[in-house]
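Taken together, the values in this text are just the output of simple stated rules run on the coordinates, not laboratory data. From a predicted model like this one, the values you see are computed outputs, not experimental measurements. FYI the Cβ positions are ideal-geometry reconstructions off the backbone, even for glycines, and counts take in every protein chain you see.
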Amino acid sequence: MSIREIEEEVLRRVDNQYVIRLSQELIKIPSHRGCEGHERRIGEFLAEELERAGLEVSLQNVIDDRFNVIARVCGEEKGQSLMLTGHLDTVPASEKQPDPFAATIRENRIYGRGASDMKGALAAMTAAMKAVSESKARLKGDLLLAGVIGEETTSEGTTHLVRNGPKTSFAINGEPTNMELIIAHKGAVLIQVAAKGKAAHCDTPWLGINSIEKMSKIVLAISEQLPRELKRKTHRLIGSPTINIGSIQGGGWPYTTVPEDCKIVIITGLLPGEKKESVLPIYEKIVTELQREDPELQADIDVVPIETIPEAYNLPFETDESAVIVRSVENSAQKVLGRKPRVTGAGYWCDASILSYAGVQTVIFGPGEVECAHSATEYVQIDHLLDSARIYALAALEVCLR
Ligand SMILES: [Zn+2]
């Protein structure tokens, strides 16, 4: 059989009704952090569905009886492997969302929590795996599907996956991209600035140093200067990073004491290629300039360490535009849509960066639109679902037949 004939056979085997029904069934099973067992029910459901489709399935225990679901179509030689990956969890439903788990179909859309982010993609990936496995295609490398836990919290699932396998050379993450091809996203780092004061009685404030007053100067300088500094850095696909001063804490009871400590935490955007520490000099420069006018102003600047969070969490991500996985998705989309998808970047962060830091060549491509993800009117377009299932299937052949 020629590759063209294999492709045609696989495309014929992608069942539209199956993709739609499975998307609805996945949406109907809530899997946010408020659910008992979190993603357990949806994990069990997906595992059974993949088994019924004739795939080799395993449950990978990650934490607290929560597991990743791994399915495999075995390659017959040691060829290139591809992992289709998506998270099983969602954010909680919005109170404003009517029937968030009803998976209602209206016109060309399925509505519900997780429709775009990202149960639609999981259904499309499952249909693609099923079509490839039922076809006469003899893959050289493994085709894998990973339904992972905890992406909406601290990415425990993908972190466990890259540490424990299965290994893969390439991955397509199915986060919503509105059928565009995302090869870069921003990262972020938490920076803490701690102003140091000196305690004294409030009746003799000249004997102390008020850390809240010093911090006021720092806050003003940061909010004025940092956005300007960050605008100088720009990435052709994702623009400039932004900041948010997200927390301030200082002083307290007894209010008769001049406060000794005041801290702020600033979330600071990172561009591909930047490390967490690379923004520190901008903050140091601002504090040094303030100290010239006010020698009593003292502040420590640090990256906030969060032990529970893996090293690659929140880091920026970029894959080269000429990479094999980019070509594979482009070629597959060309065959299905009659055009190549726009190659672009995203403002959001996702598991793609963890895969990429583990050495897996990764792109993000999925049905659904990030604009409606997490919102009260989350939906996924049905034609996106059907097209993406076919694009995943062809991409699998492009990669795993080599
Ligand atoms: Zn997501």
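Brief remarks follow.
- Contact order normalised by residue count of the stretch 1-130, Cα under 8 Å, 6+ apart, percent: 31 percent
- Among T362, H160, L270 the positive-end extreme of the charge dipole of the chain (Cβ point charges): T362
- The stretch 320-339 and the stretch 43-97 have Cα centres spaced 24 Å apart.
- Diagonalising the gyration tensor over the Cα atoms of the stretch 341-402 and scaling each eigenvalue by 5 before taking the square root yields semi-axes of 23, 19, 9 Å, largest first.
- With a Cα cut-off of under 23 Å and a minimum spacing of 8 residues unless on different chains, the lysine pairs in the stretch 187-303 number 23.
- For the chain, the Rg and Dmax computed from alpha carbons only, in angstrom: 24.5, 91
- Order of T204, T158 - criterion: other Cβ atoms within 10 Å of each residue's Cβ, fewest first: T204, T158
- Cα-based Kirkwood hydrodynamic radius, the stretch 187-303, one decimal, Å: 15.1 Å
- Nearest-20 debye value, the chain charge dipole, Cβ charges on Lys, Arg, Asp, Glu: 960 debye
- Sorting the segments 259-269, 47-57 by their residues' average number of neighbouring beta-carbon atoms within 10 angstrom, most packed first, yields 259-269, 47-57.
- A crude spin-label estimate for the pair T242 and S216, with each label 7 Å from Cα along the Cβ direction, gives 2.8 nm.
- Annotation for K285 and K96: the two label points, set 7 Å from Cα along the Cα-Cβ direction, are 4.0 nm apart.
- For the peptides 1-10, 210-219, 383-392, the ranking by mean Cβ contacts within 10 Å, running from highest to lowest, is 383-392, 210-219, 1-10.
- For R292 and N164, the difference between the fully extended length at 0.36 nm per residue and the C-alpha to C-alpha distance is 40.9 nm.
- Summing charges over all other residues whose Cβ lies under 10 Å from the Cβ of A128, with Lys and Arg as +1 and Asp and Glu as -1, gives +3.
- Charge dipole (Cα centre; +1 on Lys/Arg Cβ, -1 on Asp/Glu Cβ; no other charges) of the stretch 187-303 amounts to roughly 600 debye.
- For the stretch 187-303, with +1 on Lys and Arg beta carbons and -1 on Asp and Glu, the positive-most of A299, I212, V279 along the dipole: V279
- Contact order, relative form, for the chain: 26 percent (alpha carbon pairs under 8 Å, 6 or more residues apart, mean separation divided by residue count).
- Partners of K78 within straight-line reach, counting lysines whose Cα lies under 22 Å from its Cα and excluding those fewer than 8 residues away in the same chain: K130, K136, K140, K167.
- Full extension of the segment from E76 to E107, taken as 0.36 nm per residue of separation minus the current Cα-Cα distance, would add 6.9 nm.
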